[in-house]
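Accompanying notes for the structure given below.
The values are calculated or read from the model by the stated rules, or taken from the named source; none is laboratory data. Quantities reported herein were computed from a predicted structural model and do not represent experimental measurements. Counting neighbours? That spans all protein chains shown, and the Cβs are built from the backbone with ideal geometry, glycine included. The area values use the complete protein model at the heavy-atom level, side chains included, leaving out ligands, DNA and RNA. Shrake-Rupley method; radii C 1.70, N 1.55, O 1.52, S 1.80 Å.
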Amino acid sequence: MALEIVRIPAFSDNYIWLVHDPDSQKTIVVDPGEATAVLTEAERRGWTISAIWNTHWHPDHTGGNQAIKEATGAHVIAPAAESAKIPTADRLVAEGDTVTIGNHVASVLETPAHTAGHITYYFADDAALFPGDTLFAMGCGRLFEGTAEQMHTNLQRLAKLPRETQVYCAHEYTLSNARFAHVAEPDNDAIAQRLVTVELMREKGEPTVPTSIGEERATNPFMRATSVEQFAERRAAKDAF
């Protein structure tokens with residue numbers, strides 16, 4: 001059976017993802033910045049969290065680790081390169097490793113730039129991607145601990161995934177991203193149309209993620225950058241937008 005993926009809003013604009021495999025009855029949580037809402041939702045559904053998957057060390061992605069571990073006995077999977085900053089980690093993973101939920105297998109992709117050891121989880125057979133703060137709907141993460149070259153490489157790599165791949169971003173940044181995208185590519189009709197759609201969705205309080213690789217290829221100015229230089233210019237412009 002297909003994975004059940006549940007969006008849990010947290011803080012002002014975070015999304016935590018609860019992922020459940022109906023066959024094995026296993027449940028994982030991706031990037032729990034806080035614990036209460038996650039535990040409440042899992043209990044409401046009758047699911048027991050067996051693992052926590054972190055993409056990077058930032059507290060709004062790891063802050064719920066300890067409380068969830070204490071409540072459920074879940075083990076924490078985290079990027080090996082950030083082990084010193086994620087003391088709750090039980091298993092450290094890097095490029096080429098795989099992680100599982102039941103019979104569903106996710107590959108670990110190293111996607112540094114937002115943080116030095118950032119990773120992404122990719123379920124090829126399930127067409128599902130959990131990129132943390134690397135890829136957003138119409139945007140990408142800030143370069144806190146890495147370079148424009150790294151992020152450009154990340155996005156070009158992710159752009160090669162099947163277009164139907166669903167992208168479970170970790171933040172609701174789409175409206176701001178769409179407004180910038182329209183400035184960056186004013187003649188892109190797909191961006192103009194998506195901006196209108198996103199504005200209507202946010203007026204109604206509706207979430208704009210997940211997105212898809214296909215949508216991002218067409219409307220994400222960072223993924224669409226044709227060189228490191230163009231990417232760097234757009235990232236710097238967005239930072240000041």
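Points to keep in mind about this one:
- Considering residues of the stretch 67-103 that are crowded, with 21+ Cβ neighbours inside 10 Å and of a type outside the set (V, I, T) only, the residue nearest to V38 (Cα to Cα): A74
- Contact map, the stretch 12-25: residues that are modelled with pLDDT of 95 or more paired with residues that are open to solvent by 40 Å² or more (accessible area, probe 1.4 Å) and part of a strand (DSSP E or B), Cβ distance under 7 Å, separation 6+ or inter-chain. Pairs shown: Y15/R7; Y15/P9; W17/I5; W17/R7; V19/I5; H20/E4; P22/E4.
- Residue that is crowded, with 24+ Cβ neighbours inside 10 Å, at pLDDT 95 or above and part of a strand (DSSP E or B), where the choices are A106, A113: A106
- Filter pass, G132 being more than 14 Å from T55 (Cα to Cα) and either touching a residue at least 12 places away in the same chain (Cβ under 8 Å) or in contact with a Leu (Cβ under 7 Å, 6 or more places away or on another chain) (or both): no
- On inspection, T153 passes the criterion of being farther than 19 Å from V6 by Cβ and either assigned to a helix (DSSP H, G or I) or without any contact (Cβ under 8 Å) to a residue 12 or more places away in the chain (or both).
- Listed by first and then second residue, the pairs with beta-carbon distance under 6 Å, at least 6 apart or on different chains, first residue in the stretch 200-223 and more than 18 Å from A184 (Cβ to Cβ) and free of Cβ contacts under 8 Å to residues at least 60 places away in the same chain, second open to solvent by 20 Å² or more (accessible area, probe 1.4 Å) and in a helix (DSSP H, G or I), are R202/L175.
- Filtered residue count, the stretch 186-196, keeping only those that are under 24 Å from the mean Cα position of the chain (by Cα), within 18 Å of F231 (Cβ to Cβ) and of a type outside the set (V, I, T): 0
- Scanning the stretch 184-198 for residues that are surrounded by 14 or more Cβ atoms within 10 Å (Cβ to Cβ) and either more than 16 Å from M223 (Cβ to Cβ) or in contact with a Gly (Cβ under 7 Å, 6 or more places away or on another chain) (or both) returns A192, L195, V198.
- Of all the listed residues (R235, R163), the sole one being touching a residue at least 12 places away in the same chain (Cβ under 8 Å) and open to solvent by 40 Å² or more (accessible area, probe 1.4 Å) is R163.
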